[in-house]
1. Of everything in the range 174-189, what is within 26 Å of Val112 (Cβ to Cβ) and part of a loop (DSSP other than H, G, I, E, B)? Give them in sequence order.
2. May I ask you to list the residues in the range 127-149 that are among the hydrophobic types (A, V, I, L, M, F, W, C) and either more than 23 Å from Met86 (Cβ to Cβ) or not assigned by TED's automatic domain parsing to the domain that holds Val366 (or both)?
3. Any chance you could count how many residues in the range 339-395 are closer than 16 Å to Gly306 by Cβ, at pLDDT 95 or above and of a type in the set (Gly, Ala, Ser)?
4. Do we find a residue being surrounded by 15 or more Cβ atoms within 10 Å (Cβ to Cβ), part of a helix (DSSP H, G or I) and of a type outside the set (Phe, Trp, Tyr) anywhere in the range 295-305?
5. Looking only at the range 337-352, which residues are surrounded by 21 or more Cβ atoms within 10 Å (Cβ to Cβ) and aliphatic (A, V, I, L, M)?
6. Here is a check on your reading of the model: is Thr111 assigned by TED's automatic domain parsing to the domain that holds Lys92, farther than 20 Å from Lys190 by Cα and buried (at least 24 other Cβ atoms within 10 Å of the Cβ)?
Amino acid sequence: MPQANQSVFAERFFAILGRSIATLVVVAVLMELCSTAALHVYGRLYEDPLVPQKSPAYESEKWGREFWTEQSAFWAQARSNYLPFMVWGVRKWHGKFINTDDTEMGTWRRTVPAISDACRNTAVRRVWFFGGSTVYGIGTPDWATIPSYLAGELNSDPAACVEVTNLGAEGYVTNQEVILLSQQLKAGRKPDIAIFYDGINESLVGGFSPGIPTAHWNFEMIKTRFENGADSKLGMFNNSHIVQLISLLLQNYGQKGIPRTSDREVAARAQATLQNYETNMRLVHILESAYGFKTYFFWQPVLAYGAKPLAPFEQQLREARSKELGGRVHRGLEAVYQEAEARSAAAQSFVFLGHIFDGVQEPLYVDEFHLDPRGNQIIAHAIAQAVRPGSAPDN
């Protein structure tokens, strides 16, 4: 081919290539804009009436609306930090209602008050409170978390001088909590009392997804990103509104094809979940004996289990969530809770609180897992009765 023709061919080729790339970019931008608009319209037309902000729990509180504005901003803006072996930690945040503090133990949710002012220069008894988002206090201000209420209960006697540290983190299971405890002990710190408050995350991870008791939240996503380097390069694409819209459509219209887990498999997962939980308890007891502190274990309540008289919002919430993903979430959760209740009654190695709200008429749940301040106060009181000096041990 003559050199002149080659030059003309190259110019045409690159011109076509350039126009094609420009067209693809324009199409992608238009699709993203259209998807953004579609998601906005969908959110306005099909607003979930059962989100925590719609709970009647805070209707009578003047600060309720302002709190949920901050809680929503926290969910949208706060980002988790990476922690070795525990995978993630507590999201940093400072606001009017939600605060995390940097301490020698790491970044953790603020307990209000952690200890009485009269005890600042006195020897204190240290209580470490481990758990997931229910301990962290999603859906409640700093002063209304379970650790904060527990601090108030234990320090009702001015001479008690108990310091409560909230070591709860969103999504944590006992696997992560055992690692966290061991790391703090290796650093030369130890509590007088260690409290473990778990159950929901154990049940969902072990009984539903991924169905592996030794795993953690977002196991499949983190595993895929680690094992497939190319996946990380698609992070921006995966977070696009196009992908979000497609996922929403699949979620809403693709449930008929969801495979059903057999009753035998559900029961096996529940047994394996409790086996893992009890093994973690034994490991903690070994550390307890070696380092000289006392431990207590509590299995938390959940909306899907027990006989609490349900307020209208709670009833709607329970019915709606029990149908999600073909009922698989509810089946897995219920199976693990049944197994936990049976094992607690048989061995009495941990306190099962699944029925603690059975006689409580007032609404307590802001979603299917998290409680309002009154619910947290009831839980804190029950725990205080067990761990208060002079009380009989429950484990």
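The values are calculated or read from the model by the stated rules, or taken from the named source; none is laboratory data. Since this is a predicted model, take the numbers as computed values, not measurements. Neighbour counts run over all protein chains shown; Cβ positions are idealised from the backbone, glycine included.
1. Once the filter is applied, which keeps residues that are within 26 Å of Val112 (Cβ to Cβ) and part of a loop (DSSP other than H, G, I, E, B), the range 174-189 yields Ala187, Arg189.
2. Trp143, Ala144
3. Count: 7.
4. Start the filter on the range 295-305 by keeping residues that are surrounded by 15 or more Cβ atoms within 10 Å (Cβ to Cβ), which leaves 295-305.
After this cut, where a residue has to be part of a helix (DSSP H, G or I) as well, the list is none.
No, the conditions are met nowhere in the range 295-305.
5. Ala340
6. Criteria not met by Thr111.
Table: residues versus (1) among the aromatic types (Phe, Trp, Tyr); (2) within 29 Å of Ala386 (Cβ to Cβ); (3) in contact with a Phe, Trp or Tyr (Cβ under 7 Å, 6 or more places away or on another chain); (4) modelled with pLDDT of 90 or more.
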position: Glu59; (1), (2), (3), (4): no, no, no, no
position: Gly64; (1), (2), (3), (4): no, no, yes, yes
position: Ser72; (1), (2), (3), (4): no, no, no, yes
position: Pro84; (1), (2), (3), (4): no, no, no, yes
position: Ile115; (1), (2), (3), (4): no, yes, no, no
position: Gly139; (1), (2), (3), (4): no, yes, no, yes
position: Ala159; (1), (2), (3), (4): no, yes, no, no
position: Val164; (1), (2), (3), (4): no, yes, yes, yes
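Here is a yes/no grid of residues against (1) touching a residue at least 60 places away in the same chain (Cβ under 8 Å); (2) surrounded by fewer than 14 Cβ atoms within 10 Å (Cβ to Cβ); (3) over 18 Å from Trp299 (Cα atoms); (4) of a type in the set (Gly, Ala, Ser):
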{"residue": "Arg318", "(1), (2), (3), (4)": "no, no, yes, no"}
{"residue": "His330", "(1), (2), (3), (4)": "no, no, no, no"}
{"residue": "Ala335", "(1), (2), (3), (4)": "yes, no, no, yes"}
{"residue": "Phe357", "(1), (2), (3), (4)": "no, no, no, no"}
